[in-house]
Amino acid sequence: MAPFIIDGKGIAERIQEELKPRIAYLSAKNFQPGLAVVLVGDNPASQVYVRNKEKACAKLGIASFKYHLPGDVKPEEIFDLVEQLNQDTRIHGILVQLPLPPQILEKEVLYRISPDKDVDGFHPYNLGRLMIGDPIFLPCTPWGVQELLLRSQIEVEGKNVVIVGRSNIVGKPLAMILVQKAKGANATVSICHTRTPNLLEHTRRADILVAACGVPEMIKGDMVREGVVVVDVGINKVGDRLVGDVEFESVSRRASFITPVPGGVGPMTIAMLMANTVKAAERFYTRQTGEFCPGA
Ligand SMILES: NC(=O)c1ccc[n+]([C@@H]2O[C@H](COP(=O)([O-])OP(=O)(O)OC[C@H]3O[C@@H](n4cnc5c(N)ncnc54)[C@H](OP(=O)(O)O)[C@@H]3O)[C@@H](O)[C@H]2O)c1
């Protein structure tokens, strides 16, 4: 039977719709959420991601502030910019588009972002809060994966979730989200990586398989069991085609649910970024006025 194709684009649009009343509430108080996006260099993929984030802000009435720095920028210049954005009261979320050029240590920049404005959820403070099950800002892509599953009525509790990839921005935080004692979680999670012997043994026993390895179409049909739920986080340009980390055709013959690329996890990442920005703005508003925000 053909699998159910999870409509990430549609789900992401609904999430953004749900943010509108929260933004309108703030707007009625003459307060507009603001997101700063820092782009360094001329990486074409990063430029597309930044443009999509700006478009999403414009659609929702979130102010976006773009800072485009040259690829040969000195680390101190980025540090100064981040500090300036931390102090700027128009800005409630700061996003530094990754990857950064080699002369800049990513963690040196990410650790300087105020945890209150860390809408990407990459600051150790926010990752620590996630780990102990008391999160404020969840990293957008893994949170998007959880929301996709929740809103597709796919039960995660008690399931064997196998994640291929252990990056700090996708694999590890996703494992941490899905293993929590919480709604949309309570899974038994395994994380696989390049040092995992017998990857097949792991992928074949997955009830839910998440591919986040950055290798185009690496997960093939014979690596999964019948009825598996497959979430493909990958975005790879192969020639003029955009493909995931999953070979869609062969895997979809066995899967019960599968996310497409494009139109799966990608739009969710942006929707969750918007959700984090609105939350950051609400928290800022409450801190400043002492007034509770109903959506927060
Ligand atoms: N949809 C979105 O919004 C979104 C957001 C972020 C990323 N992405 C995409 O998601 C994918 C993963 O991104 P990332 O930043 O997490 O990638 P990454 O930092 O390159 O990490 C890739 C991970 O996959 C593992 N891996 C690579 N080849 C493997 C293999 N043959 N067998 C087992 N494990 C393997 C690596 O293992 P080691 O640790 O051992 O090297 C590493 O942990 C990419 O395609 C990226 O473009 C999409």
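The values are calculated or read from the model by the stated rules, or taken from the named source; none is laboratory data. Just so we're clear, the structure is a prediction, and the values are computed from it rather than from any experiment. Note: ideal-geometry Cβ built from the backbone for every residue, glycine included; neighbour counts use all protein chains shown. Accessible surface is based on the protein model in full, side chains and every heavy atom, while ligands, DNA and RNA are left aside. Shrake-Rupley method; radii C 1.70, N 1.55, O 1.52, S 1.80 Å.
Per residue, the solvent-accessible area of the range 1-117 (1.4 Å probe, heavy atoms of protein chains only, all protein chains present) comes to 53 Å². Working note: Cα atoms of the range 1-159, range along each principal axis, descending, whole Å: 54, 40, 35. Electrostatic bookkeeping for Gly227 treats Lys and Arg as +1 and Asp and Glu as -1; over the other residues with beta carbon under 9 Å from its beta carbon, the sum is 0. Basic side chains Lys and Arg get +1 at the Cβ, acidic Asp and Glu get -1 at the Cβ, and with that the dipole of the range 29-114 about its Cα centre reaches some 580 debye. Charging the Cβ of each Asp and Glu at -1 and of each Lys and Arg at +1, and nothing else, the dipole of the chain about its Cα centre rounds to 480 debye.
With K and R counted +1 and D and E -1, the other residues having a Cβ less than 9 Å from that of Ala206 yield a net charge of +3. From helices alone, the chain scores -12500 deg cm²/dmol at 222 nm; the rule is -39500 (n - 2.57) for each run of n ≥ 4 DSSP H residues, then divide by the residue total.
Residue separation of Arg225 and Asn168 scaled by 0.36 nm, minus their Cα-Cα distance, works out to 17.8 nm of gained length. Considering only Thr286, Leu138, Ile219, and ranking their Cα positions along the charge dipole of the chain that arises from unit charges at the beta-carbon of Lys, Arg, Asp and Glu, the one farthest toward the positive end is Thr286.
Find out how many positive minus negative residues lie around Met268, taking Lys and Arg as positive, Asp and Glu as negative, among other residues whose Cβ is under 10 Å from that of Met268.
It works out to a net charge of +1.
Net charge dipole, the range 242-296: roughly 140 debye, given to the nearest 20, about the Cα centre with Cβ charges of +1 for Lys and Arg and -1 for Asp and Glu. Here the chain is treated as a Stokes sphere of Kirkwood radius computed over C-alpha pairs; at 20 °C and 1.002 mPa s its diffusion coefficient rounds to 109 µm²/s.
Packing order of peptides 37-48, 162-173, highest average first: 162-173, 37-48 (average count of other Cβ atoms within 10 Å over each peptide's residues). In summary, the aspartates and glutamates within cross-link reach of Lys74, defined as a Cα separation below 17 angstrom excluding same-chain residues under 8 places away, comprise Asp42, Glu83, Glu106, Glu108. The 3J(HN,Hα) values that the Karplus relation (6.51, -1.76, 1.60; θ = phi - 60°) gives for the range 271-283 are, in residue order, 4, 6, 5, 5, 5, 5, 5, 5, 4, 4, 5, 4, 5 Hz. Gly and Pro appear as x. Quick one: with all protein chains in place, what share of the accessible area of the chain is carbon or sulfur, to the nearest percent (1.4 Å probe)? Carbon and sulfur atoms account for 54 percent of the accessible area of the chain.
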